[in-house]
1. Looking at the protein assembly as shown, how many pairs of lysines come closer than 27 Å at the Cα, when each pair is eight or more places apart or spans two chains?
2. In the protein assembly as shown, what % of DSSP beta bridges are antiparallel (nearest 5)?
3. Arrange the residues B:Met173, A:Met126, A:Met131 by how much accessible surface each exposes, largest first, with a 1.4 angstrom probe.
4. Calculate, for A:Ala167 and A:Arg3, the FRET efficiency according to 1/(1 + (r/R0)^6) with r their C-beta to C-beta distance and R0 51 Å; round to the nearest 0.05.
5. Please report the antiparallel percentage of the DSSP beta bridges confined to chain A, to the nearest 5.
6. Counting only the heavy atoms of the protein chains, how much of A:Phe13 is accessible to a 1.4 Å probe, in Å² to the nearest 10?
7. Give me the inter-chain shielding for A:131-139: mean count of other chain Cβ atoms within 10 Å, whole number please.
8. Dividing the alpha-carbon radius of gyration of segment A:80-155 by 2.2 N^0.38 Å (N being the number of residues), what value is obtained?
Amino acid sequence: MPRLRLFLPLAAFILLSLLLFKGLSLDPTSLPSALVGKPLPDFELEELHSSEVLSRQRIVGEPMLVNIWATWCYSCRVEHPFLLELAAQGVRIIGLNYKDDSDKAIGWLEDLGDPYALTLSDTEGMLGLDMGVYGAPETYVVDAEGVVQYRHVGVVDEQVWQSVLSAWFPQPKITSVLQ
Amino acid sequence: MAERIVRVVSAAKNYECLAVRFYDLVVRWLLACSLCAVAIAAQAVIETYEFSDVTLERRYHSLSDELRCPKCQNQTIADSNAPIAKDLRFLLHEQLESGASDDEILSFMVARYGEFVRYRPGLDSNTALLWYGPLLLTLVTLAALAMHLRGRHRATAPAEPTEEEREALRAQMTKLSGERERQA
């Protein structure tokens with residue numbers, strides 16, 4: 001027994017090393033959204049192009065991605081081509097133009113292409129605040145009942161789509177195989 | 001010759017005077033610069049809000065010191081200059097002025113940003129370890145210390161003699177006293 005006790009510090013060291021090693025691969029910036037499992041908050045916001053005032057009822061009804069973007073956000077430019085690709089596959093993407101200048105936003109979509117079925121113009125960032133957005137880009141999966149299923153912080157790319165987001169969108173994959 | 005020396009000395013004095021003046025100027029300039037820097041740094045983070053009541057202002061400061069900025073994770077919203085922190089400060093001020101209680105404001109923030117947004121999270125299954133961990137650790141340490149001390153006490157304290165040892169001792173003593181009597 002006393003001899004076994006000699007190994008206690010070593011055991012403690014190994015345990016601590018394992019704990020710290022695990023910490024290396026954790027991402028402290030990935031926060032679970034407080035909104036997951038809850039309905040998308042209500043809102044009344046203008047559509048970017050038509051200036052028509054839209055509410056929550058107008059946009060829910062089928063599974064969709066809600067993508068928070070802005071022209072001041074560099075990473076949004078990075079993910080933009082992939083969003084165009086998804087939209088071409090038939091994924092419904094609602095844009096939330098977050099704390100942005102509307103004219104600049106329209107110009108950006110004209111230059112780079114428009115992947116959004118609709119774009120809500122949240123110049124004050126108030127819907128963003130209700131959704132718990134803290135930066136751009138962020139992408140929410142909202143199901144047909146309007147309930148938030150998942151939040152992705154950062155750029156959406158092929159890998160994120162295949163490994164996580166596509167689970168909520170079964171059809172587009174099939175159509176792309178048929179083509 | 002003497003006249004020349006006088007002239008040189010006075011020139012040197014002039015230079016000395018100039019040097020002092022120059023030094024004085026530099027110090028003043030540096031002071032002014034550092035004051036400006038402090039003023040700019042202070043202005044960078046804090047926007048001003050007007051409060052209708054002093055207690056509201058006090059609550060604003062204590063709440064903004066307790067709410068964590070979601071973007072820059074190791075700063076409170078009072079410390080942070082991120083746009084989201086500014087929004088939250090704005091919202092905090094609005095809610096305080098509209099008469100919301102501290103609990104209402106905190107649950108409003110938690111509903112949007114999760115328990116993460118509080119530096120003093122509420123007690124639930126996720127945070128139980130956080131709240132009771134220190135107490136648990138203290139108890140474990142005290143227990144370990146008590147066990148260690150008792151072990152050491154047992155090792156150093158003389159052991160009680162067993163019945164056999166007492167018997168042997170008694171025999172030895174009667175033998176010794178018998179010998180002494182015989183010698184006497």
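1. 10
2. Rounded to the nearest five, the antiparallel share is 65 percent.
3. Result, largest first: B:Met173, A:Met126, A:Met131.
4. My answer for the efficiency is 0.45.
5. 60 percent
6. 130 Å²
7. Average neighbour count from other chains, rounded to a whole number: 4.
8. 1.09
The values are calculated or read from the model by the stated rules, or taken from the named source; none is laboratory data. Note that this is a predicted model, so its numbers are computed, not measured. Every residue, glycine among them, receives a Cβ derived from its backbone with ideal geometry; neighbour counts consider all protein chains shown. Side chains included, ligands, DNA and RNA excluded: accessible areas come from the protein's heavy atoms. Shrake-Rupley method; radii C 1.70, N 1.55, O 1.52, S 1.80 Å.
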